[in-house]
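Just so it is clear, none of the values below were taken in a lab; they were calculated from the coordinates. What you see is a predicted model, and the numbers here were worked out from it, not measured in a lab. Heads up, the Cβs are rebuilt from the backbone with ideal geometry, glycines too, and the neighbour counts pull from every protein chain shown.
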Amino acid sequence: MDQKSSKNICPLIAKTGDVTLCPYNDKCRFSHDVEGFKAQKPEDIEGECPFLDSKEPCPYGLACRFLGTHKSKDKDGVLGGKKKMSDECNGLNKDVQKLLWKNKMKFPKADAKLKALGLLVTMLRFYFST
């Protein structure tokens, strides 16, 4: 197998800093060399990590350009430890999603504003002209 570049670190390891979490282990196409990645990583930029105030860990983990500002870091410098981030980013229920997919969701305030700007009629003509 070819030697893997340390700059292409496994995304899961970059987020968590834990090399044991990768389900692919030796078959992973990315590097698991944390120290090699840290050695070649560009210098941190000025400022604070935007995720310092959030309850979730920084999604960039070891790859964060503000890694030095992570306050509650473990031995690898990962913000928030190894707490799993929520995979859910869309909290809409299925009924609302279906209305949006079918273009049946009503937006009366937006429609009123568009009508006041003279854009609603234009958009409806454009939508139904095809």
Counting sequence-distant residues (5 or more places) and residues on other chains, those with an amide H built under 5 Å from that of residue 31 are 8, 9, 10
Residues whose modelled amide H sits under 5 Å from the amide H of residue 17, counting only those 5 or more places away in sequence or on another chain, are 62
Expected sort for 8-20, 46-58, 97-109, 29-41 on mean C-beta neighbours within 10 Å, highest first, is 8-20, 29-41, 46-58, 97-109
Note, the range 93-102: 3J(HN,Hα) by Karplus (6.51, -1.76, 1.60, θ = phi - 60°), whole Hz, Gly/Pro = x, goes 6, 5, 5, 5, 4, 5, 4, 5, 4, 7
